[in-house]
Amino acid sequence: MVTVDKAKVLERLAAVPGPDGGDIVSLGLVSDVFIADGRVAFSITVPETRARELEPLRRAAEAAVLAIPGVERAMVALTAERHHGPGRVARPRPPAAPLASAESAAAAAPSPAAAPARPAAQQGVPGVGLLIAVASGKGGVGKSTTAVNLALALKERGLKVGVLDADVYGPSVPRLLGLTGRPQTVDGRRLMPLEAYGLKAMSIGLLIEEDTPMIWRGPMVVSALRQMLMDVAWGELDVIVIDMPPGTGDVQLSLAQQAPLAGAVIVSTPQDLALLDARKGLAMFRKVEVPVLGIVENMSTFICPHCGEASHIFGHGGARHEAERLGVPFLGEIPLAMTIRETSDAGAPVMASAPDGPHAAAYRAVAGALWQEVQARRNSHRRPPQIVIE
Ligand code: ADP
């Protein structure tokens, strides 16, 4: 097997011209380079206003690396130049996420705290209306299950919906939607999303091999996210629901910063611990100026499958209370129910397989509250200044 080394990659990249002359390596635009089993990932820093125009530069760098014997895949992302406008104070880099070394986290992921909160010219995804992130402070709270069922509930409202699974540590959208197989390429470059239950879907799980070591995953997903948004033939969609990786480390922060998100939904279980984590999630989105559209309490009440009676085994209402306290909309509660788990495991989410049942109704209500919040925010942006005469 041919081993690829960093020096070779840099040597080839030194032949790629910079935006205005010179080459991208000597101009210091190339991030640290990650190499794992024939996969190479890095980012190139460009001025934030020129990202679209410099797409050919990204492709040239990708092609240069792919031409190296032994390189099977290259993940190249353009990241926005650090920019400190008037009044902005450069902040120190936060500690690296525990899952990756400081060096690796800094690679494809630009330093989140030092970069602008929201790049002014963040590119939208052509043909796609809104990107909504579904996040959680920690794993196992039902974030993916909620994301998929909410996507289906939004579709039921007549919207065209896609799901993007960016949960690199436990990509579960393929399982939840019963998807198998690899996405096909169209026009030699873009990937066709898969389709299930009327949703378009793409998962990082379909692109990163299962044995990819955890340490590579964070930086890889940050560079891959842009490609999954931009280089997938999504077609015309009203909304893409993004299933984020759980937690609030550097990787999550970079993801939140890279995608032009309309807002985020935070999923939490009623336990206090999870709520503490949810609060961290909230703080993270605020830091990158992504509006939090609301909190969902998952596994809220337990509905007995035999008698139908509801009991609050985890102590219930915590998320509603917390949302009120934090001044964030409370979007609703999803009960803890065997049906939800079983349908998810079977690749037939409850919203699609039992749309008339009480669980689908719960997701429908949350999706309704979410959509209302989205509309309210849109209207508040559009509303002309009002003159009030008293
Ligand atoms: P996360 O994305 O937060 O890691 P998942 O969506 O994968 O969580 O859910 C974790 C487990 O909990 C899965 O087995 C899923 O079927 C189950 N689950 C999620 N929500 C519920 C619910 N409301 N009732 C019962 N089981 C649930």
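The values are calculated or read from the model by the stated rules, or taken from the named source; none is laboratory data. From a predicted model like this one, the values you see are computed outputs, not experimental measurements. Neighbour counts are summed over all protein chains in view; Cβ atoms, including those assigned to glycine, are modelled from backbone coordinates with ideal geometry. The area values use the complete protein model at the heavy-atom level, side chains included, leaving out ligands, DNA and RNA. Shrake-Rupley method; radii C 1.70, N 1.55, O 1.52, S 1.80 Å.
Among the residues of segment 44-70, just one is without any contact (Cβ under 8 Å) to a residue 12 or more places away in the chain and not in a helix (DSSP H, G or I), namely Glu53.
Could you tell me whether Asp277 is at pLDDT below 80 and surrounded by fewer than 17 Cβ atoms within 10 Å (Cβ to Cβ)? No; evaluated as a whole, the condition is false for this residue. Of the residues making up segment 369-389, none is within 16 Å of the ligand (Cβ to nearest atom) and either at pLDDT below 95 or surrounded by fewer than 19 Cβ atoms within 10 Å (Cβ to Cβ) (or both). Here Ala264 meets each of (1) out of contact with any strand residue (DSSP E or B) (no Cβ under 9 Å at 6 or more places or on another chain); (2) modelled with pLDDT of 80 or more with one exception, condition (1).
For segment 19-28, a tally of residues being hydrophobic (A, V, I, L, M, F, W, C) and open to solvent by 30 Å² or more (accessible area, probe 1.4 Å) returns 2. Of the residues making up segment 124-149, those that are away from the ligand (no atom under 13 Å from the Cβ), part of a loop (DSSP other than H, G, I, E, B) and over 15 Å from the mean Cα position of the chain (by Cα) are Pro126, Gly127. Here the condition is being open to solvent by 20 Å² or more (accessible area, probe 1.4 Å), within 26 Å of Glu342 (Cβ to Cβ) and away from the ligand (no atom under 13 Å from the Cβ); of Gly181, Gly158, it holds for Gly181 alone.
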